[in-house]
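First up is the structure itself, then whatever we jot down about it.
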Amino acid sequence: MNRRLDALQVFPALVVLALGVLTGGLSNVTSGGAGVFTIYFLTAYVGLAIQDSTGTVLAASTIIVLIGAISFYRKGGVDMQLALTVGVSGVAGAFAAARWASTIHSSTLESAFGGFTLAIAFFTAYRFVAGRGRGVADRISANPTRVTDAEEGVNSSVQEGTHGSQRSRWAGSDPIALTVQIAKGVSIGVATGLFGVGLASLSVVLFMLLFKLDTKTILGTNLFASFFRYLGGSVGYLTAGQVDPFYFSILAVGGAIGSIIGAKLVLRRGGGSRDVYIKGIVIGILLFISYEFLLKRII
């Protein structure tokens with residue numbers, strides 16, 4: 001019987017390993033947000049409660065985003081003041097929300113998770129389309145020659161980072177700026193504790209809107225901030241006994257491999273142009289997850 005159980009675990013373990021590599025690579029662009037795919041798989045196909053799936057993915061993502069953050073830091077792509085202010089302020093919120101999530105009925109949390117991913121999918125799509133259109137218009141006005149299809153595929157993150165290359169006042173260290181940074185950290189921390197890594201993509205967008213740093217610094221700083229939030233949430237789920245050690249180990253190994261590879265691709269010159277395809281895939285899968293967890297029940 002034990003041998004049969006071991007055999008039945010092989011396929012899902014391989015899928016989780018593959019998802020770890022994939023989401024680890026994407027984590028350098030989404031700050032771990034692609035881990036929602038693994039939460040869905042562990043809940044829908046492995047049979048874990050959504051709290052266990054969220055806790056497991058969140059704990060593994062803590063390691064994954066730290067590896068990516070260190071890679072960006074070595075390339076000078078981290079604003080440590082922002083990373084610490086936004087990240088540390090989110091720890092308490094993530095821990096408290098994670099403990100609260102353990103008391104919520106699984107079906108209720110699944111419906112909320114489905115609605116949450118649906119909102120993130122639409123918001124990410126809106127920001128992507130709006131940013132891409134603005135970037136193309138800026139290039140046309142600067143150079144009236146024909147813009148090629150390849151040029152139109154430049155990732156929206158780079159466009160927004162370049163468009164707002166002048167540092168925002170909210171990225172400073174005066175009391176009002178620090179209040180905004182702490183408020184962002186706490187609110188994102190609470191959502192992280194409830195929904196795991198799903199809010200990471202929106203966190204990247206908020207970094208672009210509020211702080212207007214260059215793209216490399218936005219991604220690296222948000223990775224470091226995510227590490228602190230994920231750590232707080234992971235401790236909350238761990239103390240509630242909702243981290244599966246078997247799948248955590250597999251996901252952490254796969255994610256570490258993917259994160260190292262992904263960081264090299266993102267940080268090398270010209271690597272960001274593939275983001276147009278990555279964002280499309282992420283949005284599509286978020287819509288699918290929201291259908292499985294929420295829309296299927298309504299329809």
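State yes or no: is L26 modelled with pLDDT under 85, touching a Ser or Thr at 6+ places or on another chain (Cβ under 7 Å) and assigned to a helix (DSSP H, G or I)?
Here the answer is no, as L26 does not meet what is asked.
A quick yes/no check of all residues on (1) under 15 Å from P245 (Cα atoms); (2) surrounded by 21 or more Cβ atoms within 10 Å (Cβ to Cβ); (3) touching a residue at least 40 places away in the same chain (Cβ under 8 Å):
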| position | (1), (2), (3) |
| --- | --- |
| Y40 | no, yes, yes |
| Y45 | no, no, no |
| T54 | yes, yes, yes |
| L58 | yes, yes, yes |
| T62 | yes, yes, yes |
| G77 | no, yes, yes |
| T85 | no, yes, yes |
| V88 | no, no, yes |
| A92 | no, no, yes |
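Looking at V86, V36, which is the one that is closer than 25 Å to A263 by Cα and within 14 Å of the chain's Cα centre (by Cα)?
V36
Being within 20 Å of I104 (Cβ to Cβ), under 15 Å from the mean Cα position of the chain (by Cα) and part of a helix (DSSP H, G or I): is that true of I188 here?
Yes; evaluated as a whole, the condition is true for this residue.
Restricting to segment 72-114, and then to whatever is of a type in the set (A, V, I, L, M) and touching a Ser or Thr at 6+ places or on another chain (Cβ under 6 Å), can you tell me which residue is farthest from G196 (Cα to Cα)?
The residue in question is V78.
For segment 71-130, give me each residue that is at pLDDT below 80, of a type in the set (F, W, Y) and in contact with a Gly (Cβ under 9 Å, 6 or more places away or on another chain).
Residues satisfying the conditions are F113, F116, F128.
Among the residues in segment 196-205, are any aliphatic (A, V, I, L, M), surrounded by fewer than 24 Cβ atoms within 10 Å (Cβ to Cβ) and in contact with a Lys or Arg (Cβ under 6 Å, 6 or more places away or on another chain)?
So far as segment 196-205 goes, yes, one or more of its residues are aliphatic (A, V, I, L, M), surrounded by fewer than 24 Cβ atoms within 10 Å (Cβ to Cβ) and in contact with a Lys or Arg (Cβ under 6 Å, 6 or more places away or on another chain).
The values are calculated or read from the model by the stated rules, or taken from the named source; none is laboratory data. Note that the coordinates shown come from a computational prediction; the quantities given were computed from them, not determined experimentally. All Cβ positions, even for glycine, are placed from backbone atoms using ideal geometry, and neighbour counts span all protein chains on display.
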